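Remarks on the structure that follows.
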Amino acid sequence: MSLFDLARGTLFRMDAESAHAATIQMMRRLPRMSARLMRADAALPRECMGLHFRNPVGVAAGLDKNGECINALAAMGFGFIEVGTVTPRPQDGNPRPRMFRLPEHEAVINRLGFNNKGVEYLCRQVEHARRDCVLGINIGKNATTPNERAADDYLHCLQRVYALADYVTINISSPNTKNLRDLQQGDALATLLQALSMKRDQLAVEHGRRVPLAVKLAPDMSAEQIQASAAIIADTELDAVIATNTTLSREGVAGHRYADENGGLSGKPLQNLSQRCFEQLRSALPEEIPMIGVGGIHDRESARQRFAAGAQLVQVYTGFVYHGPDLIESATQGAHDAALAETA
Ligand SMILES: Cc1cc2nc3c(=O)[nH]c(=O)nc-3n(C[C@H](O)[C@H](O)[C@H](O)COP(=O)(O)O)c2cc1C
């Protein structure tokens, strides 16, 4: 029995959010040696967004919202870590309970609502981290900031994290902040991305380093919405698209005792929807914009499918909750499989 299996036995007896909090505390205190005991040795170097990745499997945003476990996650063998979503000011998020495990489906439903300790706290954590992999910082807006002033929050976070991030993700796809997903379309999207792109160009001159900007999208968009948003993204010179966030759909979990809880569904039941959305976005976007696949990746085959559809990198969250660090290795094997099939 692995160290992860032992820990999971205890953690799964707690409610989902307490288990998550305990995991964060454990990882914060975990000496690098112990994290290395869980290490998945997955080497498959990749270049993406002008950055070097030791393997193409990363931690998705939301697992380490405050950047408190960077050392442990890096020691476990991830190729990259995306911390956040972080907002300018600390906020509590929605009332509890707000996170539910559906083990029968290897799924989670959450409506956390960007609970985080604010961008200043996250920056202090990142400054003290000893990481040896790529670090992305995922930024959002405070719940009390109206959409008309959303750009101010994103610009504030971008400026603050710029010197510390290898790349920055603009998260406009969480279902748990009211109206946030409206920013994914039309003028709201164009205005926000243009403002951030201009700010990045200015910061690139100041810092002598151009930090790539990625945007993260939801799987609940129609084919027409995907086409329209892809055109705007291509126009604003973004460096990558991350697809997808959690879904509002309950396909695959109907009848479960938590199926009617509000929030975003993640994990295995999200796999097909996320794959479909990824494929539509891939064909709508210019080839030179790389894509990062996330959503329901839980084994070698689900990873292979995402790489075969054109993902340069993938991220995992819920699959990691259920399968632990071994998933880093199996997902990397999925990348190998897809690359082999392409050259065959
Ligand atoms: C509990 C929880 C919290 C999350 N928080 C965030 C977040 O703060 N920002 C974000 O961009 N995505 C967040 N996500 C979404 C994940 O990053 C990921 O896009 C989604 O869960 C699909 O991947 P998965 O099926 O591997 O979990 C969260 C997901 C979960 C389960």
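The values are calculated or read from the model by the stated rules, or taken from the named source; none is laboratory data. These numbers were taken from a predicted model, which means no experiment stands behind them. Quick reminder, even Gly has a Cβ in these numbers, built from the backbone with ideal geometry, and neighbours come from all protein chains shown. Ligands, DNA and RNA are stripped out before the accessible areas are found, and what is left, the full protein with its side chains, is counted by its heavy atoms. Shrake-Rupley method; radii C 1.70, N 1.55, O 1.52, S 1.80 Å.
Identify which of L73, L180, L217 has the largest mean-square fluctuation in a Gaussian network model of the chain, with springs joining Cα atoms closer than 10 Å.
L180
Given a 1.4 Å probe and the protein chains all in place, what does the accessible area of H128 round to, in Å² to the nearest 10?
Ignoring ligands and nucleic acids, H128 comes out at about 140 Å².
Got the relative contact order for the chain handy, in percent, Cα pairs under 8 Å and 6 or more residues apart? Mind showing how you got there, number by number?
Details: 727 pairs, mean separation 58.3, N = 344.
Over the chain, the number comes to 17 percent.
Keeping all protein chains in position, work out how much accessible area E251 exposes to a 1.4 Å probe, and write it in Å² to the nearest 10.
Rounded to the nearest 10, that gives 140 Å².
For region 65-177, just say rounded, prolate or oblate: build the C-alpha gyration tensor, square-root its eigenvalues into a ≥ b ≥ c, call rounded for a/c under 1.5, and beyond that prolate if a/b exceeds b/c, oblate if not.
Details: a/c = 1.91, a/b = 1.04, b/c = 1.83.
Cα axes put region 65-177 in the oblate bin.
Students sometimes get this wrong: rank R131, R13, R124, R306 by accessible area, probe 1.4 Å, all chains present, largest first. Display every interim value, and only then the final one.
Values: R131 85, R13 190, R124 120, R306 0 Å².
The ordering from most to least exposed comes out as R13, R124, R131, R306.
Ranked by accessible surface with a 1.4 Å probe, highest first, in what order do D132, D92, D337 come?
D92, D132, D337
Where nothing but the Cβ of Lys and Arg (+1) and of Asp and Glu (-1) is charged, how large is the charge dipole of region 3-343 around its Cα centre, in debye to the nearest 20? Don't jump to the answer; show the numbers that get you there.
Numbers: 37 positive and 39 negative charges, 223 e Å.
Its charge dipole is roughly 1080 debye.
With θ set to phi - 60°, apply the Karplus curve 6.51 cos²θ - 1.76 cosθ + 1.60 along region 227-240 and write out the HN-Hα couplings as whole Hz, x wherever there is a Gly or Pro.
4, 5, 5, 4, 5, 5, 4, 5, 5, 9, 6, 6, 9, 6
Read phi for every residue in region 333-344 and hand back ³J(HN,Hα) as whole Hz from Karplus 6.51 cos²θ - 1.76 cosθ + 1.60, θ = phi - 60°, with x for Gly and Pro.
Couplings: 4, x, 5, 4, 4, 5, 5, 4, 4, 5, 8, 5 Hz.
Quick one: plug the Kirkwood hydrodynamic radius of the chain (C-alpha pairs) into Stokes-Einstein at 20 °C, 1.002 mPa s, and report D in µm²/s.
Numbers: Rh = 19.8 Å.
D = 108 µm²/s.
Give the long-range amide H neighbours of V86: residues separated by 5 or more places, or on another chain, with amide H under 5 Å away, using H modelled in the peptide plane at 1.01 Å from N.
Correct list: N138, I139, G140.
For region 72-124, what class follows from the C-alpha gyration tensor (a ≥ b ≥ c being the square roots of its eigenvalues): rounded when a/c is under 1.5, otherwise prolate if a/b is larger than b/c, else oblate?
oblate
For I242, list long-range residues whose amide hydrogen, built 1.01 Å from N in the peptide plane, is under 5 Å from its own amide hydrogen.
V215, K216, L217, I292
What list of ³J(HN,Hα) couplings, whole Hz, do you get for region 152-169 from phi and the Karplus terms 6.51, -1.76, 1.60, once you set θ to phi - 60° and write x for glycine and proline?
Those phi angles translate into 4, 5, 5, 5, 4, 5, 4, 4, 5, 8, 3, 6, 9, 9, 7, 8, 10, 9 Hz.
Per DSSP H run of at least 4 residues, take -39500 (n - 2.57); add these up for the chain, divide by its residues and hand me the 222 nm value, nearest 500 deg cm²/dmol. Could you put the intermediate results ahead of the total?
Working: 12 runs with 139 residues, N = 344.
After summing the helix terms and dividing by the residues of the chain, the value is -12500 deg cm²/dmol.
Please calculate the 1.4 Å probe accessible area of Y121, with all protein chains present, and give it to the nearest 10 Å².
Surface open to solvent at Y121 totals about 40 Å².
Taking 4 °C and 1.567 mPa s as the conditions, I'd like the Stokes-Einstein D for region 111-260 in µm²/s, using the Kirkwood hydrodynamic radius from alpha carbon pairs.
Details: Rh = 16.5 Å.
This corresponds to a translational diffusion coefficient of 79 µm²/s.
Report, ordered by chain and residue number, the lysines lying within cross-link reach of K65, taken as a straight Cα distance under 21 Å and ignoring same-chain residues fewer than 8 apart.
Answer for K65, where 21 Å is the Cα cut-off: K117, K141, K178, K216, listed by chain and number.
Considering only E127, E261, E17, give the residue with the highest GNM mean-square fluctuation for the chain, with springs between Cα atoms whenever their separation is below 10 Å.
Checking each option, the largest mean-square fluctuation is seen for E127.
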